[in-house]
Amino acid sequence: MGHSLNKIITVCIFLLFGSILAQAQIVWSGSVSPFGKTFGNFHPRVVVDRTGNPMIIWGRNSDASVLFSRWGGSAFAPPVKLNPEGISIATQGWMGPDIASKGDTLYVVMKKIPESDAANRILLVRSTDGGISFSSAKEIGFINDSISRFPTINVDSQGNPIVAFMKFNCTFGDSRWAVMKSTDMGNTFSVDIKASGQAGGAICDCCPGSVTSSFDKVAMLYRTNISNIRDSWIGLSTDNAISFPVGYNVDNNNWEINSCPATGPDGVIIGDTLYSVFMNAASGKSKTYLSKFDINGTTANSVIALTPSVSGVSIQNYPRVDAYGSALAIVWKQTVNGTDQLPLLFTNDVSKGIQTSVSELVDASDITNADVALSEGNIYVVWEDDASGTIKYRAGKYTTITASVIDDSLLPSISPNPATNFIEISVGANGRSPLQSTVKIYNVYGQIVSTFNPTPTLPASREGVSMDVSGLAPGMYFVRIGDRVGKFVKL
């Protein structure tokens, strides 16, 4: 009996720790400095191209410029300067240019300085070949006599850029976050719209923000300043950045401070859930947190510290998050017993939750901030290392579960395809599962053109719905049911 009990306990311990280790199972390469000190190291950001290879931008303080490099197969290519000659760009360790990509199309936004001059607007450059070549820089955000700062960018499901920035009047009053959207791959942009302040009060006008999107959902993440309460909020759009009618506190720490935190939130949308990360010092120490928010709800499902109490931790800051499929990774800077560390929290299946007691230490040196990007089976981390004065980079490989999670039988079945007047949409194996989620049809610009809401009275044997598409213009369209997407051609 005792032997059997010991065996059972051993198996339970193995299963427990096996589950924990599976959350952080990454095979790492060594950390390297791909570029010398002469190239600078401010505020690095990393994204991936169509084949999952990393691309990096960062700022160089010596000439207020923006540099870019792409992975060339065995090493990074020599950095290239993206801002025009004679144009200075705002860049510091805690803020700077931003980059976003979809496939081999990528966009970089940067702020001309001095920012006190209303004519110094935001610049955008675009590449359609994975960073081999770039368009000339173009000014965006023609906002009359207003002043802008902190541009940030995301790409929608069709590869169109969504740009957000902080906006002031000519006396640095009326601070707010504004969003403008392109539907033609960055050639033109809509007039910017206000995406903050839904709860009243001001925003934290010295704190960067970020914007993230998934189909028709767009979240503007920012730090507010409501009577010196500096929690992190989102302005939420469910019409693909046409309007931001509602906003929510995803923080709820109630941090009151009459000074500038100089740090803001970051986030990703997976399905109908927004995962956001931020720093908050309401406890008396600067700590990093993860918030899980149901976009269909009105309050955060949970707000948890990224780490439990760690002996010797004096500060945590600058968290960043990225996702690919069901995988999610978070990095941040923390100081433990006087030494800077770069921890990483990772799971290859976010649906099973995130165990904040488990993290990996990517590096320990003089770290200012970091960024992380995921592709299928790959994880890339870059950070500003002030001890060496260089950008540092580390790559890892993880076991992806994307292939085992996404079953072709779960994708929407659409017929006829191409279609003329009507399409039949069904889900599940052999198209026999009842529809549980709203059916949405999008055009190639990510705009909703038709919806269908299944009712609870639909019988279980219902195989699908018929939707009238006769009024749609000829072209390609996308059908979304929950997290599953199919496409069809309208003749």
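The values are calculated or read from the model by the stated rules, or taken from the named source; none is laboratory data. From a predicted model like this one, the values you see are computed outputs, not experimental measurements. Cβ coordinates were reconstructed from backbone atoms using ideal geometry, including for glycine residues, and neighbour counts include every protein chain displayed.
Just one of the listed residues (122, 56, 99, 89) is touching a residue at least 60 places away in the same chain (Cβ under 8 Å), of a type outside the set (S, T, N, Q) and buried (at least 20 other Cβ atoms within 10 Å of the Cβ), and it is 56. For region 351-380, residues that are under 22 Å from residue 96 (Cβ atoms) and either touching a residue at least 40 places away in the same chain (Cβ under 8 Å) or part of a loop (DSSP other than H, G, I, E, B) (or both) total 11.
Criterion first (more than 25 Å from residue 272 (Cβ to Cβ), of a type in the set (Val, Ile, Thr) and touching a residue at least 12 places away in the same chain (Cβ under 8 Å)) does residue 330 satisfy it?
The answer is no for residue 330.
Tally the residues that are closer than 22 Å to residue 376 by Cβ, crowded, with 16+ Cβ neighbours inside 10 Å and not β-branched (Val, Ile, Thr), restricting the search to region 324-359. Summing the residues that are closer than 22 Å to residue 376 by Cβ, crowded, with 16+ Cβ neighbours inside 10 Å and not β-branched (Val, Ile, Thr) in region 324-359 gives 11.
Please specify each residue of region 56-91 satisfying the condition of being over 27 Å from residue 116 (Cβ atoms) and touching a Ser or Thr at 6+ places or on another chain (Cβ under 8 Å). Of everything in region 56-91, those that are over 27 Å from residue 116 (Cβ atoms) and touching a Ser or Thr at 6+ places or on another chain (Cβ under 8 Å) turn out to be 56, 76, 77, 78, 79, 80. Among the residues making up region 239-268, those that are assigned to a loop (DSSP other than H, G, I, E, B) and among the hydrophobic types (A, V, I, L, M, F, W, C) are 241, 242, 244, 250, 255, 257, 260, 262.
Rundown of residues vs (1) under 16 Å from residue 125 (Cα atoms); (2) surrounded by fewer than 21 Cβ atoms within 10 Å (Cβ to Cβ); (3) modelled with pLDDT under 95; (4) touching a Ser or Thr at 6+ places or on another chain (Cβ under 7 Å), yes/no style:
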{"residue": "136", "(1), (2), (3), (4)": "yes, yes, no, no"}
{"residue": "145", "(1), (2), (3), (4)": "no, yes, yes, no"}
{"residue": "152", "(1), (2), (3), (4)": "yes, no, no, yes"}
{"residue": "161", "(1), (2), (3), (4)": "yes, no, no, yes"}
{"residue": "169", "(1), (2), (3), (4)": "no, yes, yes, yes"}
{"residue": "172", "(1), (2), (3), (4)": "no, yes, yes, no"}
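The number of residues in region 177-210 being touching a Leu at 6+ places or on another chain (Cβ under 8 Å) and free of Cβ contacts under 8 Å to residues at least 12 places away in the same chain comes to 0. Considering 330, 304, the condition of being assigned to a strand (DSSP E or B) and at pLDDT below 95 is satisfied by 304 alone.
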